[in-house]
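First comes the structure, then the notes that go with it.
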Ligand SMILES: Cc1ncc(COP(=O)(O)O)c(C=O)c1O
């Protein structure tokens with residue numbers, strides 16, 4: 001039956017899905033997927049239960065969320081956003097992003113995306129008939145080459161996609177703008193971020209940002225939205241959600257997120273959202289009101305808890321012999337490089353890790369879209385897990401270490 005669309009055909013099962021089945025069969029500890037395995041905050045769960053019991057169970061648009069989001073953007077970034085016209089509540093960042101792409105991209109429009117990147121952008125862009133154009137970041141520090149970016153622009157370029165939080169780092173009282181990147185945890189330097197905003201402005205191109213990790217930044221950095229850079233608010237669509245900040249993601253995701261955009265784009269996103277899903281789940285929208293009012297201590301604890309988890313897993317990966325030149329500065333992923341001595345590809349390594357250690361991570365290849373030479377050399381570990389899960393995984397991985405502390409799998413030789 002050859003009746004599938006070309007996009008559907010391109011979405012054939014990947015080796016990652018097979019690894020997922022293997023991991024389930026081996027009952028492996030999950031350091032693959034980006035969802036917390038610890039309990040969600042009680043005050044937010046209670047608000048959801050109470051909303052269900054109060055019969056907030058029908059199609060619903062809770063305007064209060066837009067008011068809180070606008071207030072938060074004012075406090076965090078000094079941006080003035082009209083909650084009535086410029087914010088659309090969607091089913092998570094995923095729907096907000098898809099609706100934003102549908103709102104601005106026509107068949108044949110080109111969209112610049114950094115490589116490696118979060119997988120779903122590519123599919124969303126292709127679903128609209130848009131063409132993703134990848135700009136490879138240069139390892140090991142995932143730096144942006146301004147010439148490569150400039151060369152990627154053509155007369156058909158409509159937008160640039162940026163993901164992960166943008167942060168201001170205060171060093172000796174001075175502020176610098178940065179932007180951590182998925183899946184590497186890479187942080188764009190101030191110069192790099194200014195290059196992106198300058199070229200967007202000069203070429204009259206839109207930016208679509210994914211800011212789901214806006215509260216998960218490390219080493220005293222705090223998030224700043226690209227839209228708050230001079231000239232950018234009028235050309236940026238911001239997407240974000242409750243998922244990561246309030247630990248209501250993955251298998252338990254609550255599907256409440258938002259798009260913030262100039263009025264005319266927000267209106268188009270709203271129309272598309274209504275046709276796609278009508279409204280985000282009503283009880284969870286009610287709970288979002290409670291979540292968004294969480295005290296500053298909630299965000300401080302979230303950040304410091306994740307920072308210690310990052311340090312633990314990073315040290316473990318260094319100890320067992322990964323090439324760890326870059327420490328993540330935001331999000332809850334580590335992108336670890338296989339050492340030169342390891343002859344396995346990323347997929348083969350993860351397969352061995354599942355079989356021998358009972359731990360599953362994600363092969364990096366799925367995040368690369370260009371023909372980068374290094375695309376088979378990275379493994380992504382998620383550390384949004386309980387300390388018990390992380391300790392158990394660390395113990396199992398350490399058991400595979402040899403006398404010199406390095407993993408035996410790195411020296412793995414396949415039987416002929
Ligand atoms: C960069 C990024 N954006 C978006 C999402 C999904 O967000 P949501 O659950 O709000 O759809 C994820 C989840 O893994 C992510 O890593």
Subject >> The listed residue being surrounded by fewer than 22 Cβ atoms within 10 Å (Cβ to Cβ), within 21 Å of the chain's Cα centre (by Cα) and under 18 Å from residue 120 (Cα atoms), out of 370, 364 >> reply: 370
**OP:** Scan segment 241-248 and give yes if some residue there is outside the structural domain of residue 388 (by TED's automatic domain parsing), more than 21 Å from the chain's Cα centre (by Cα) and either in a helix (DSSP H, G or I) or closer than 24 Å to residue 100 by Cα (or both), otherwise no.
**Re:** no
**OP:** Kindly indicate which of 8, 42, 70, 48 is closer than 24 Å to residue 297 by Cβ and free of Cβ contacts under 8 Å to residues at least 12 places away in the same chain.
**Re:** 42
Original post:
Out of curiosity, is residue 144 crowded, with 20+ Cβ neighbours inside 10 Å and either outside the structural domain of residue 233 (by TED's automatic domain parsing) or over 17 Å from the mean Cα position of the chain (by Cα) (or both)?
Top reply: yes
**OP:** Sort out which residues of segment 78-103 are surrounded by fewer than 21 Cβ atoms within 10 Å (Cβ to Cβ) and in a helix (DSSP H, G or I), and write them in order of number.
**Re:** 94, 102
Original post:
Among the candidates 335, 349, which residue alone is under 28 Å from residue 17 (Cβ atoms), in contact (Cβ under 8 Å) with a residue 24 or more places away in the chain, in a helix (DSSP H, G or I) and touching a strand residue (DSSP E or B) at 6+ places or on another chain (Cβ under 7 Å)?
Top reply: 349
Original post:
Any idea which of (1) in contact with a helix residue (DSSP H, G or I) (Cβ under 7 Å, 6 or more places away or on another chain); (2) closer than 26 Å to residue 18 by Cβ is the one residue 309 doesn't satisfy?
Top reply: (2)
Original post:
So which residues in segment 201-246 are more than 16 Å from the ligand (Cβ to nearest atom) and either modelled with pLDDT under 95 or within 25 Å of residue 333 (Cα to Cα) (or both), if there are any at all?
Top reply: 218, 219, 220, 221, 222, 224, 227, 228, 229, 230, 231, 232
Original post:
Any idea which of (1) surrounded by 20 or more Cβ atoms within 10 Å (Cβ to Cβ); (2) in contact with a helix residue (DSSP H, G or I) (Cβ under 7 Å, 6 or more places away or on another chain); (3) under 21 Å from residue 377 (Cα atoms) is the one residue 327 doesn't satisfy?
Top reply: (1)
**OP:** May I ask you to say which residue of 152, 100 is within 16 Å of the ligand (Cβ to nearest atom), in contact with a strand residue (DSSP E or B) (Cβ under 7 Å, 6 or more places away or on another chain) and at pLDDT 95 or above?
**Re:** 100
Subject >> Of all residues making up segment 277-288, the number that are within 21 Å of residue 71 (Cα to Cα) and more than 23 Å from the chain's Cα centre (by Cα) >> reply: 1
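To keep it simple, each residue is scored yes or no on (1) buried (at least 20 other Cβ atoms within 10 Å of the Cβ); (2) within 16 Å of the ligand (Cβ to nearest atom); (3) part of a loop (DSSP other than H, G, I, E, B); (4) at pLDDT below 95.
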position	(1), (2), (3), (4)
258	yes, yes, no, no
266	yes, no, no, no
275	no, no, no, no
297	no, no, no, no
310	yes, yes, no, no
Original post:
Before we move on, is residue 32 in contact with a helix residue (DSSP H, G or I) (Cβ under 9 Å, 6 or more places away or on another chain), closer than 30 Å to residue 391 by Cα and part of a loop (DSSP other than H, G, I, E, B)?
Top reply: yes
Original post:
Applying the selection to segment 35-69, what residues are within 25 Å of the chain's Cα centre (by Cα), in a loop (DSSP other than H, G, I, E, B) and loosely packed, with under 12 Cβ neighbours inside 10 Å?
Top reply: 39
Original post:
Assuming residue 347 fulfils every condition listed in (1) closer than 17 Å to residue 381 by Cα; (2) touching a helix residue (DSSP H, G or I) at 6+ places or on another chain (Cβ under 6 Å); (3) within 16 Å of the ligand (Cβ to nearest atom) apart from one, which condition is it?
Top reply: (3)
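The values are calculated or read from the model by the stated rules, or taken from the named source; none is laboratory data. From a predicted model like this one, the values you see are computed outputs, not experimental measurements. Quick reminder, even Gly has a Cβ in these numbers, built from the backbone with ideal geometry, and neighbours come from all protein chains shown.
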